[in-house]
Amino acid sequence: MNRLRLGFLASHGGSNMQAIIDACRHGTLYAEPCVLISNNSRSGAMERAAREGIPARHLSSVTHPEPEALDRAIMETLQHYGAEIICLAGYMRKLGPQTLNAYKNRVLNIHPALLPRFGGQGFYGERVHAAVLAAGERKSGPTVHLVDAHYDQGPIVAQRRVPVYTGDTVETLAARVLEEEHRIYPETLQRIATGELDLDALAAADRTQSHGNAPYNPED
Ligand code: GRF
């Protein structure tokens, strides 16, 4: 069995990317990180890739002012390095249609809340956790989902709940969710690598439902 080749897109610190790289190194994830693309040349993710010896490319509206050219460069870079699955890990841009078509049902994202709630445009970073706290939720947790042309709307692949405690702040909740992100993302990729999880079948099953991603039941 060949190792699953992973391409990453990240804008910031890259702790999720690091957790996935570590799982590859430790053998708990049968995969190979093959390239990082960042829209931020000074991101922590770029530094991590350099430290890990993973090829890294800065591709952004600075390097490619035309959106179509940027989209093509991203797609061609991923293909050049033989990426089979694309992991968005704190990537703050939408992917273009060329990349999404070339990698249909092969692009994953991790979101720090239980989609379909607390997702969509404007729900990123601390805002997500602030909204969860303001709504008085008793549970939150990461969601891994397939990426389509809309923010946070693709079919849900995996979710895990963590408690929200009285007295939680954005920081304490974010830290608890992030810890779980670092577990669920590599574990989900391993289920894909072993063939236990079939992304095409998951996407097809999702299309038979009335709404894209499955609703979160607050009683779960
Ligand atoms: C994570 O909270 C993830 O859920 C969201 O962006 C953040 C990225 O963090 N999509 P990091 O760069 O992986 O540390």
Consider the stretch 130-177. How many of its residues are outside any strand (DSSP E or B) and touching a Ser or Thr at 6+ places or on another chain (Cβ under 7 Å)? 4
Where residues in the stretch 83-140 are polar (S, T, N, Q) and surrounded by 16 or more Cβ atoms within 10 Å (Cβ to Cβ), which of them is farthest from HIS182 (Cα to Cα)? GLN98
Tally of residues being β-branched (Val, Ile, Thr) and open to solvent by 50 Å² or more (accessible area, probe 1.4 Å) across the stretch 158-182: 3
Just give me the residues in the stretch 159-194 being under 27 Å from ARG5 (Cβ atoms), within 13 Å of the ligand (Cβ to nearest atom) and of a type in the set (A, V, I, L, M, F, W, C), in sequence order. LEU178, ILE184
Quick one: count up the residues across the stretch 1-45 that are in a loop (DSSP other than H, G, I, E, B), more than 11 Å from the ligand (Cβ to nearest atom) and open to solvent by 10 Å² or more (accessible area, probe 1.4 Å). 9
Here the residues within the stretch 159-170 that are out of contact with any helix residue (DSSP H, G or I) (no Cβ under 7 Å at 6 or more places or on another chain) and either β-branched (Val, Ile, Thr) or more than 16 Å from HIS111 (Cα to Cα) (or both) are PRO163, TYR165, THR166, GLY167, THR169
Which pairs have Cβ atoms under 8 Å, sit 6 or more apart or on different chains, and link a residue in the stretch 84-105 that is farther than 27 Å from THR194 by Cα and modelled with pLDDT under 95 to one that is open to solvent by 20 Å² or more (accessible area, probe 1.4 Å) and not hydroxyl-bearing (Ser, Thr, Tyr)? MET92/HIS12; MET92/ASN39; ARG93/ASN39; LYS94/ALA149
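The values are calculated or read from the model by the stated rules, or taken from the named source; none is laboratory data. Every value quoted in this text rests on a predicted model; they were computed, and no experiment measured them. Positions of Cβ are generated from backbone atoms using ideal geometry, with glycine treated the same way; all protein chains shown enter the neighbour counts. These area figures cover heavy atoms from the full protein model, side chains too; ligands, DNA and RNA do not enter into them. Shrake-Rupley method; radii C 1.70, N 1.55, O 1.52, S 1.80 Å.
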